[in-house]
Each structure stands twice: as C-alpha cells, then as structure tokens.
Amino acid sequence: MPTSNNNSNNEQPRATRKGGEEPKFNYFWVYAIIIAFIVISLNLSFFQDSSKETNMTKLRELLQSDDIERIEVYNQKVAEVTIKEKALSKPEFKDIAKNRFGSANRGPHYFLTVASNESFDKFINEFYKEKPELQQVAVRYDTRQEWWRDIFPYLLPLVLFGAFWVFMLRRAGGGGFGGPGGNIFNIGKSKAILFDKDEKINITFEDVAGLDEAKVEVQEIVSFLKNPKKYTNLGGKIPKGALLIGPPGTGKTLIAKAMAGEAQVPFFSISGSDFVEMFVGVGASRVRDLFRQAREKAPCIIFIDEIDAIGRARGKNLVQGNDERENTLNQLLVEMDGFSSEKGVIMIAATNRPDVLDTALLRPGRFDRQISIDKPDMKGREQIFKVHLKTIKIGKEVNVEKLAALTPGFVGADIANICNEAALIAARQDKAEIDMQDFNDAIDRSIGGLEKKNKLISPEEKKVIAYHEAGHAISGWFLENAHPLLKVSIIPRGVAALGYAQYLPKEKYLETTPEMLDRMCMTLAGRAAERIVFDEISTGAQNDLDHVTRIAYAMVSIFGMNEKIGNVSFYEMMNQNGFTKPYSEETGKLIDEEARKIIEGQFERAKKLLIEKRTELDALAKMLLEKEVLFKDDLEKLIGPRPFDKPVQTLATDDTNHQQVVSTNTDEQISPVENNT
C-alpha cells in the first residue's frame, strides 16, 4: 500500500512539529563560544605584541648600542626587553618592528630567561661599571599571577570528562550539547512527532484500500473528534483507545497516518521503542511528558507504533524481566486510565503480537476496541492493486482481477513490492509499459526468489526434482480437498529451492479432518513419488516433513482430532507455561505415537494414489523435463480436467501464508497453516 513520504529519523526530545516551522536555536554555538573564550583566556599571549627570544650576549650588544628603553624582570624567571621607538627603524630590528597582525610592535620586543633577580642585577651593574659613559637603563622587578597555569591541570580532566559525558548522552539518544533538542536535561522529554491540525498530511482514507471494516472503526473515532456533540448529546462516550492488530504489512501504520490526514486535530506519533533508554526512569518520564503535551493539545490523537516493545505482559517470565520496561508500562497504564474522555485524547496503538501484551493494557477503559486488520481477500487485493497501479505505466492487457487471484495471502506491502518488481523487470527489458508477463515474473520472484538460470543441475537430479514436483501436482489433482493447482515449475529459484508448486487456496476459515489429511497427503506425495520411481528418498522433502509434522501435532494436541487423546487442547497451556509441558510423560509419548501414525498413514496413502496414477505421473514428469514450467491448462490437456472442479469455478483465496517455496533441494507448496479457531 502507499506509504508516507515522511522519512524523518531525527530523534527529538520534545514533540516536534512537522511542516514549515523554522529550526530552533541551536545551543551548540553558545557552548562553542564559551569554549573559545576559555581558549583565548588561556592563550592571551597570542594576541599580545610579538616578542623574540634572545640571550645575555645579545642583551649586552643592545645595552652597548643604547637601544633599550626599559627592562622588566618578573617572577625571577623572565626578563622582557623593550626597544626604543626611534631605534626600531634600524635594519637589525626589522623582524620585531611589527607584530604578527602588521601593526607597530609596542613591546616587549625580546625576552630571555634569567637565573634570579640578584644574578641579573649583578650582570647589569658590572656592565655599566665597564661602560660608565652609557646612560643606565632602568630595570624593574615584578611579580605576576599566572592563575591559568595553576588551574589548567585541574581544568583539563574536567573538560575531557564533560566531553565524554555529552558523547554518551548523545549515543543514548538523550540529546546533549549541540544535539537535537538542546541540552542533556531534555533526555526525559517525549520524542513524539507532532502533526498539528494546520499541517497538511498527504495520506487519507482514500489511500487505504482493502480494509473497509477497519476504516469504519477508525472513521468513527475521527468523526467524534470533529463533531463530539453528535455522540455526547445521546449520552455516548468515545472509546479511550483502539488497538490495531494484524500481521506485518497489512496497513496498521498506514491507517494511523490516514487518521492523521483526516482528523484535522493534533496527532502525536511515536514508536514503543522510543520510550526505553539505558537510564533508569527515562521511559516513565517520557510517558508523562507525552500525555502532558497531549492534554494541552486536546482534542488530539496519540499513536504508538509497535506497542509490544513496552506493553509486554509482566511477571510471566522472570528470566526476561526488565524493571525499567515494567515501570514504563505502569506509567502508561496510569496515564491512560487517568485522563478523562471529555478532553478528547484518543489513544491508538498498533502491534502484530497481541498475545504478548499485558491484560491490564487491553481492558475496557484503556484500549476499549481491538480492531483486527487481516490479510485482504481477493476483492481487497484487487482494490489494493488499483491503488498501486495508478503510479505506474501498465498495458491494456493487464487484468487487475487476475492479479488479485494470482496473489492469495498477499498483504498490502507484498502487493506494493509486486508492482515495483514488475516495473523494474519491464525497465530492464526496455519496455515502454508493463505487461502481464512482467507481473507474472514479479509474482514468481516474490514467491520463489530470484531465478537461478546459471545453476548447474545434473540430469539425474533434475529428473528427481521433476518427479518430486509431479508427485505434488498429481496428488493434488486427484484429491478432493486439495487446493487447485495453478502452476508447477522445476526452475531453480531462491537460495535452495530447486522447484515449486503454486496453488490457489480456497476461501475458508475452518478446516475439517479430511481436508487436513488431504493436505498432508499432497505434501508427502513428493517424497512418495521418489520412493516409487527411484526406490530411495532425497533431502528435498525436508520442508515437507516440517509442514506435515506441524499439522499432525496440531491435530492431536491442539484441535482434538484424535480419538485416543480426546477432545483436549494444550495450546493455551503451552503458551502460558513456557518450557514446561502441561501434560504427563505418558500423554506426551501418546501424542508422539499418534502424530507419527497420522504421518505414516498419509505417506502410504500418497504412495497408493501415485501407484494408481503412475501413467499420469510419468507423463507429467516427462513434460516438466521438457518445458520446466507447466500451468493448469497444460495439466488439463495432458491428463484431463480435474474431477472435483465445478463447471464454473471462482478463484478465491484464504487468509493463509502465500510463501509457497519450501525446500532444501526440491520444493513444494505450503498449504494453509493450522487455524487456531
């Protein structure tokens, strides 16, 4: 589905406006000026007039030439010599006549180190005894306070420690000197992004396709915020919160963005992980700050994406306990239950893991509504395709209804990827527009991965793959409850898939025992074909075995479909107890025996079916070796119409996993995963 163009990743301590607001004043320059002032103070000599180091011999020459105006000795260490102004015009003083800035050097012009005041005074007196005709230069002795030399050894460690502290705060996401948001004291402020009511958001409910029921729920919340009297006049109260639940990619965040575009009220958006930091108490502080800002902006909406980051159930697993996360959750519970619905602060959250959320978070008064956003059906996928096809150039022969039928189990994110892949494939072939073949190739790539044209497969292995996939296709063709075949291929794709079969799952929400057994029989038929034809088995059925094992154990221990185990289900008990099994060792042993018995029974059933249809199996494998890809029409021409197909068949889909490539060497279709109804 369409995604928002808002890709800002700046971490901002306060709720930040989106739009045309001018950037705030950056405190980094204040700190930079302070540091520069300190550096200048510690290096005042840089701005003083230039002076040149000399020695006692040179000093004697200067005294003899009578060019010295005065001499100052300070701290019994350094003697500073200032030359007479009229003497600076002499060539020997050319290098000191001007300072480093080009202006006249006022002095001192020379400096030298002395042993002590007494020794220097003795030197001056002896010189003038030798030269009594010269006028004696006045020598001044003084003491200067060099405070910066005393505090510098203490100041430097403090500066280094402060720089390290600021660096750690910025790495922790808490701002820092010069960082986003100003200073270190904003670490406890909310990082929520604020979309104010006067800001234009491009996503609306028209951009949300295939989610009609969910849109009705959220549109009611938007309607209340726009016109609350319509509901309050009848005594009704708007729900305080709504939880969007659904698999990844179904459009939960997109609906929240559409709400922001439609509501025309302030909209705070934040991720659950933004509350958690390395410092204790920061998460709870950010929750308090977020709701404080929300009350000031009411009526408004708060949206927390991936709320399971802070909303996990408390106390179930002591090993994974996190006091800071629990403190954040506790504060969130208090805030959600504390504000009144009359203020119009609505809480919206999204997660794809509702099973891990704390029960206190889901009770009425906090999240009153749980809005399920499921994978779209065929009609929904058709609507989603229409939205995405608006932005690309397609040919007239592109059939949206057929594309929806070819993508069972795909969610909005998958369909968006299909459209993009088709455009890339067409561009790679220098086409002017995208045709149906490009979409077919894009779907194949999404299901099976990139086609491996240069993968070297020996004729013997290719024959094994052909019979393996032919076994799946033949068994599905002659099993009443198997999904209708769409395509079978032995072209290598992806990382390890050497072949795959694609089916169109029926639109069902419940499965019976015969349907699950037929599904297991079809899945095991690939290995059964290898056993019949080659009298041995390969590693290509590894994912087949994973799938049927999962179904068998679900039938026995979850769905109560086994006579010996009875009408019991251990699903919830296993989730609650974690690593502890909720049944005895004897029951566990019986579950293993019954699951193994079901799997072996379906394997023998698949062998029996393929032995009866050996002629069709050989013919299909031979054609696969020749063409590599066969469609349903090819099978009808080869072995006749499927016995169980109705005269008029409508392609329908199921809320199932569309990932149909599963294999270590060869591959097979994954039929619908167990339905925990």
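Tabulated results
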| read-out | value |
| --- | --- |
| Failed criterion for residue 492 (all others in (1) surrounded by 23 or more Cβ atoms within 10 Å (Cβ to Cβ); (2) over 34 Å from the mean Cα position of the chain (by Cα) hold) | (2) |
| Residue 636 vs. criteria more than 23 Å from residue 559 (Cα to Cα), charged (D, E, K, R) and at pLDDT below 85 | no |
| The one condition in (1) surrounded by fewer than 12 Cβ atoms within 10 Å (Cβ to Cβ); (2) modelled with pLDDT of 70 or more that residue 150 fails to fulfil | (2) |
| Complete set of residues in the stretch 198-246 that are out of contact with any helix residue (DSSP H, G or I) (no Cβ under 6 Å at 6 or more places or on another chain), surrounded by 15 or more Cβ atoms within 10 Å (Cβ to Cβ) and part of a loop (DSSP other than H, G, I, E, B) | 199, 211, 228, 239 |
| Top-ranked residue of the stretch 38-68 - restricted to ones that are exposed (fewer than 15 other Cβ atoms within 10 Å of the Cβ) and hydrophobic (A, V, I, L, M, F, W, C), ranked as modelled with the highest pLDDT | 56 |
| Positions within the stretch 537-556 being out of contact with any Ser or Thr (no Cβ under 6 Å at 6 or more places or on another chain) and either at pLDDT 90 or above or hydrophobic (A, V, I, L, M, F, W, C) (or both), in sequence order | 537, 541, 545, 546, 549, 550, 551, 552, 553, 554, 555, 556 |
| From 665, 675, residue being part of a loop (DSSP other than H, G, I, E, B), closer than 19 Å to residue 463 by Cα and modelled with pLDDT under 85 | 665 |
| Selection count where residues are within 48 Å of the chain's Cα centre (by Cα) and part of a helix (DSSP H, G or I), scope the stretch 610-634 | 13 |
| Subset of the stretch 69-114 that is over 17 Å from residue 56 (Cβ atoms) and of a type in the set (Gly, Ala, Ser) - its residue that is surrounded by the fewest Cβ atoms within 10 Å (Cβ to Cβ) | 102 |
| So residue 486, is it surrounded by fewer than 24 Cβ atoms within 10 Å (Cβ to Cβ) and part of a helix (DSSP H, G or I) | no |
| Subset of the stretch 379-408 that is in a helix (DSSP H, G or I) and among the acidic types (Asp, Glu) - its residue that is surrounded by the fewest Cβ atoms within 10 Å (Cβ to Cβ) | 401 |
| Within the stretch 261-307, tally of residues that are within 19 Å of the chain's Cα centre (by Cα) and part of a helix (DSSP H, G or I) | 5 |
| Residues of the stretch 419-435 that turn out to be farther than 15 Å from residue 403 by Cβ, assigned to a helix (DSSP H, G or I) and among the aliphatic types (A, V, I, L, M), as a count | 2 |
| Flag if residue 304 is buried (at least 24 other Cβ atoms within 10 Å of the Cβ) and more than 24 Å from residue 219 (Cβ to Cβ) | no |
| So residue 464, is it surrounded by 17 or more Cβ atoms within 10 Å (Cβ to Cβ) and within 28 Å of residue 530 (Cβ to Cβ) | yes |
| Matching residues, the stretch 500-533, being within 13 Å of residue 465 (Cα to Cα) and either assigned to a helix (DSSP H, G or I) or modelled with pLDDT under 75 (or both) | 500, 525, 526, 527, 528, 529, 530, 531, 533 |
| Residue among 540, 471 that is more than 35 Å from the chain's Cα centre (by Cα), under 23 Å from residue 614 (Cα atoms), in contact (Cβ under 8 Å) with a residue 60 or more places away in the chain and crowded, with 24+ Cβ neighbours inside 10 Å | 471 |
| Residue check, residue 81 at pLDDT 65 or above and β-branched (Val, Ile, Thr) | yes |
| Residue match in the stretch 495-510 (condition: touching a Phe, Trp or Tyr at 6+ places or on another chain (Cβ under 9 Å) and surrounded by fewer than 24 Cβ atoms within 10 Å (Cβ to Cβ)) | no |
| Selection within the stretch 409-418 - of a type outside the set (Phe, Trp, Tyr) and either in a loop (DSSP other than H, G, I, E, B) or buried (at least 19 other Cβ atoms within 10 Å of the Cβ) (or both) | 409, 411, 412, 414, 415, 416, 418 |
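The values are calculated or read from the model by the stated rules, or taken from the named source; none is laboratory data. Source: prediction; values computed, not measured. Don't worry about glycine lacking a Cβ; one is built from the backbone with ideal geometry, like all the others, and counts go over all protein chains shown.
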